[in-house]
Amino acid sequence: MSLKDLSESLGNKSKTKTSKTETAKTPLETSAQAEIKVIPAYKLLAVQMPDDFTDDINRHIDEVIIPNNVSHEKGLVGQIRQDVKSAQLTFSLEDKLGKDFKLVIDRLATSLLRDPTGYNRDSKADAFEAWTVHSYAGDYNPLHSHGVHTMAGLSMIMYLKVPKCIEEKSESMPKLEYSSGDIDGFTGLITTTNTIEDICKLRLNAQEYIKPKKGFMMIFPNWLQHCVMPFFGEGERRTMSANFNIKDSKEQLKKYGAKTKL
């Protein structure tokens, strides 16, 4: 899905003029121009990576990252500890595969910044850290956001392995009544704590739960609160995350009135 297609599907391009009716119009109605404007909370780049790309990453993790066993837990809030293989490991962006991977994700993140249907911002994304998360039954990640070194930043999640117990779940709207377990192992993207009652009051739903799928990647603003629900079943739920600093052009900095590079 292209960035333009994604933005349109999220409603960022929605501009609906009032429809004509057969009823008589008052002078005010016939002279007025109306449109519905959608004010998005954030923009997100969704990418489905090919299997061979994802398999290369998994192979590198199995052969290099896991044997190196460099923990990345110190700066993370993930409660990944229920299995002897549960881990949060540093994924180097300095070796050959790491540099190639960084080149790919930097280009994708920069496209989210620069595309007119994205943030339309003359800036460049620069990934400065990445890590893998190896989750097993009972592991989870509480609600949190990520830190970067610049005023604005981006973060990434990519699903690398998905247990069968999650893979078999429906992608339709989850229903949690009767202890359904519909969102076990899903990633929650949260911008408000609106309830069903709030939606009835015309507050838009700002909670979305993403079903993991092998090779699926999301890039989003680093401030976006997100979480991972625990799952209960056999197998590894493997993901990779990364954070990006955002480097603005001189022209962009002038637009913001900034005197130094962010």
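The values are calculated or read from the model by the stated rules, or taken from the named source; none is laboratory data. Just so you know, these numbers come straight off a predicted model, no measurement behind them. Glycine also receives a Cβ, built like all others from the backbone with ideal geometry; neighbour counts cover every protein chain displayed. To get the accessible areas, we keep the full protein, side chains included, count just its heavy atoms, and leave off ligands, DNA and RNA. Shrake-Rupley method; radii C 1.70, N 1.55, O 1.52, S 1.80 Å.
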Checklist line | Tally, over the range 189-224, of residues that are in contact with a His (Cβ under 7 Å, 6 or more places away or on another chain) and either over 20 Å from T132 (Cβ atoms) or among the acidic types (D, E) (or both) | finding: 2
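Residue-by-condition table, conditions (1) modelled with pLDDT under 95; (2) open to solvent by less than 20 Å² (accessible area, probe 1.4 Å):
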residue: D184; (1), (2): no, no
residue: I199; (1), (2): yes, no
residue: N205; (1), (2): yes, no
residue: E208; (1), (2): yes, no
residue: M218; (1), (2): no, yes
residue: G235; (1), (2): no, no
residue: L253; (1), (2): yes, yes
Next item on the list: Identify, from the list V162, V133, V148, the residue that is crowded, with 17+ Cβ neighbours inside 10 Å, farther than 16 Å from R238 by Cβ and not aromatic (F, W, Y).
Entry: V148
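Are there helices (runs of 4 or more DSSP H) fully within the range 9-115 with at least 3 residues that are at pLDDT below 90? List them.
Hits in the range 9-115: 27-31.
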Notebook entry, point to check: Would you call K124 without any contact (Cβ under 8 Å) to a residue 40 or more places away in the chain and of a type outside the set (A, V, I, L, M, F, W, C)?
Noted result: no
Next item on the list: Those residues that are in contact with a helix residue (DSSP H, G or I) (Cβ under 6 Å, 6 or more places away or on another chain), within 29 Å of R114 (Cβ to Cβ) and not small (G, A, S), I need them from the range 215-237; list them, please.
Entry: I219
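Residues are listed down the side, and each one gets a yes or a no for (1) touching a residue at least 40 places away in the same chain (Cβ under 8 Å); (2) more than 24 Å from the chain's Cα centre (by Cα); (3) within 19 Å of P212 (Cβ to Cβ):
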{"site": "R59", "(1), (2), (3)": "no, no, no"}
{"site": "E63", "(1), (2), (3)": "no, yes, no"}
{"site": "D83", "(1), (2), (3)": "yes, yes, yes"}
{"site": "A87", "(1), (2), (3)": "yes, no, yes"}
Item checked: Matching residues in the range 145-178 - criterion: being part of a helix (DSSP H, G or I), at pLDDT below 95 and not acidic (D, E) -> Y178
Check: For L89, all conditions in the list (1) of a type in the set (A, V, I, L, M, F, W, C); (2) within 28 Å of K255 (Cα to Cα); (3) touching a Ser or Thr at 6+ places or on another chain (Cβ under 6 Å) hold save one; what is the number of the exception?
Finding: (2)
